[in-house]
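The next block holds one structure in the form of structure tokens; read it before the comments.
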Amino acid sequence: MEKIIEVKNVFKAFADNKVLHGIDLEVNAGEVIALIGESGSGKSTLLRCLNLLEIIDNGQILYRGTNINNINENILRTKVGMVFQQFNLFNNYNVLKNCTIGLTKVKKINFEEAKKIAIEKLTLVGMENFIYANVNLLSGGQKQRVAIARSLCLNPDILLFDEPTSALDPKNVNEVLNVIASLAKNNMTLIIVTHEMKFARDIATRVIFMDNGLIYDDGTPEEIFDYSRKPKTKEFLRFS
């Protein structure tokens with residue numbers, strides 16, 4: 001299988017708070033990985049380390065065989081995209097400019113070509129009728145769909161989702177989950193930190209349960225949700 005990401009014995013701490021304790025992980029093309037576990041288990045920190053939003057203390061992270069520390073961070077983030085909890089849109093730009101700015105500034109694509117790409121991706125997430133809208137007037141679900149389109153514009157190899165529905169009202173959750181599900185069905189490589197257990201079970205090809213900064217359990221959704229013999233996994237799922 002084609003390896004996109006390799007994580008080798010990675011440690012990360014914030015001052016005296018040790019968050020990751022020797023993570024080993026391989027991510028292959030086409031995998032849809034759900035990262036689950038208690039808050040504080042290191043899921044979001046691991047995700048942020050994969051595209052240099054956090055710098056690891058020890059170990060290695062490789063993108064297609066190259067240490068990510070040797071890749072320009074802006075270039076890496078076009079390949080390893082991120083969708084955040086709080087959308088991270090530019091509130092002073094409209095929807096279209098939010099989606100074209102990375103293309104024009106980082107990839108140096110002319111605006112007309114960038115606009116064409118942006119409209120294509122906005123259409124994919126059902127936001128093509130809002131290209132000139134003020135992002136401040138959008139619902140949470142609409143903002144998150146714009147954020148997904150913005151990441152897709154850069155044609156990433158892999159897309160990271162850090163609890164993409166945690167800031168949304170219940171009525172907006174499904175519209176975002178449906179977009180992510182459509183990406184999964186199109187064989188895009190995804191890693192999703194989520195507390196939506198039904199979604200993880202239905203959409204993921206692989207589920208990883210993290211506990212205390214370690215990968216504690218790793219398997220197919222069926223192996224994790226139905227047949228895991230590991231006590232912490234079973235306890236977590238019982239109350240999720």
| said: Anything in segment 33-54 that is hydroxyl-bearing (S, T, Y) and not in a helix (DSSP H, G or I)? List them, or say none. | reply: S39, S41
| request: Given the conditions (1) in a loop (DSSP other than H, G, I, E, B); (2) among the aliphatic types (A, V, I, L, M); (3) within 22 Å of E6 (Cα to Cα), report the number of the one that I61 does not fulfil. | output: (1)
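For segment 145-184, what are the residues that are without any contact (Cβ under 8 Å) to a residue 40 or more places away in the chain, more than 16 Å from T123 (Cβ to Cβ) and under 15 Å from the mean Cα position of the chain (by Cα)? It would help to see each step written out before you state the result.
Filtering segment 145-184 down to residues without any contact (Cβ under 8 Å) to a residue 40 or more places away in the chain leaves 145, 165, 168-174, 176-178, 180-181, 183.
If we keep only those that are more than 16 Å from T123 (Cβ to Cβ) too, we end up with 165, 168-174, 176-177, 180-181.
Scanning segment 145-184 gives T165, V176, L177, I180, A181.
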| field | Sole residue being surrounded by 15 or more Cβ atoms within 10 Å (Cβ to Cβ) and in contact with a Phe, Trp or Tyr (Cβ under 6 Å, 6 or more places away or on another chain), chosen from L177, L138 | value | L177
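Filter segment 31-60 for residues that are on the phi > 0 side of the Ramachandran plot, at pLDDT 95 or above and surrounded by fewer than 16 Cβ atoms within 10 Å (Cβ to Cβ) and give the result.
Residues of segment 31-60 on the phi > 0 side of the Ramachandran plot: 37, 40, 42, 52, 59.
Checking which are at pLDDT 95 or above leaves us with 37, 42, 52, 59.
Scanning segment 31-60 gives no hits.
How many of the residues making up segment 222-240 are in contact with a helix residue (DSSP H, G or I) (Cβ under 7 Å, 6 or more places away or on another chain) and assigned to a helix (DSSP H, G or I)?
If we filter segment 222-240 for residues that are in contact with a helix residue (DSSP H, G or I) (Cβ under 7 Å, 6 or more places away or on another chain), which is where we start, we get 224-225, 228, 233, 237, 240.
Next, from what is left, pick out any that are assigned to a helix (DSSP H, G or I): 224-225, 233, 237.
Selection size over segment 222-240: 4.
Could you check segment 63-120 and list, in sequence order, the residues that are in contact with a Cys (Cβ under 8 Å, 6 or more places away or on another chain), small (G, A, S) and at pLDDT 95 or above? Spell out how you get there, then give the answer.
To start, the set of residues in segment 63-120 that are in contact with a Cys (Cβ under 8 Å, 6 or more places away or on another chain) comprises 99-100, 102-103, 114, 117-118.
Checking which are small (G, A, S) leaves us with 102, 114, 118.
The answer is A114, A118.
So which residues in segment 200-221 are over 17 Å from K43 (Cα atoms) and assigned to a helix (DSSP H, G or I)? So that I can check it myself, show each step before the final result.
First, the residues of segment 200-221 that are over 17 Å from K43 (Cα atoms): 201-203, 205, 220-221.
The answer is R201, D202, I203, P221.
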| task | Within segment 66-83, work out how many residues are free of Cβ contacts under 8 Å to residues at least 40 places away in the same chain, in contact with a Phe, Trp or Tyr (Cβ under 7 Å, 6 or more places away or on another chain) and outside any loop (DSSP other than H, G, I, E, B). | result | 1
| Residues that are at pLDDT below 95, within 17 Å of V125 (Cβ to Cβ) and not polar (S, T, N, Q), drawn from segment 185-198 | K185
| query | Counting only residues that are crowded, with 20+ Cβ neighbours inside 10 Å and in contact with an Asp or Glu (Cβ under 8 Å, 6 or more places away or on another chain), how many does segment 11-26 have? | reply | 1
| For segment 141-174, which residues satisfy the criterion of being buried (at least 18 other Cβ atoms within 10 Å of the Cβ), polar (S, T, N, Q) and assigned to a helix (DSSP H, G or I)? | Q142, Q144, S151, N172
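Return the residue satisfying two criteria in turn: it lies in segment 84-132 and is of a type in the set (V, I, T) and assigned to a loop (DSSP other than H, G, I, E, B), and of such residues it is surrounded by the fewest Cβ atoms within 10 Å (Cβ to Cβ). Let's see the steps before the verdict.
Looking only at segment 84-132, we keep the residues that are of a type in the set (V, I, T), and these are 95, 100-101, 104, 106, 109, 117, 119, 123, 125, 131.
Subsequent filtering for residues that are assigned to a loop (DSSP other than H, G, I, E, B) retains 106, 109, 125, 131.
Numbers: V106: 14, I109: 17, V125: 23, I131: 20.
The extreme case among them is V106.
The values are calculated or read from the model by the stated rules, or taken from the named source; none is laboratory data. Treat the numbers as computed from the prediction; the structure is a model and nothing was measured. Every residue, glycine as well, gets a Cβ built from its backbone with ideal geometry; the counts of neighbours run over all protein chains shown.
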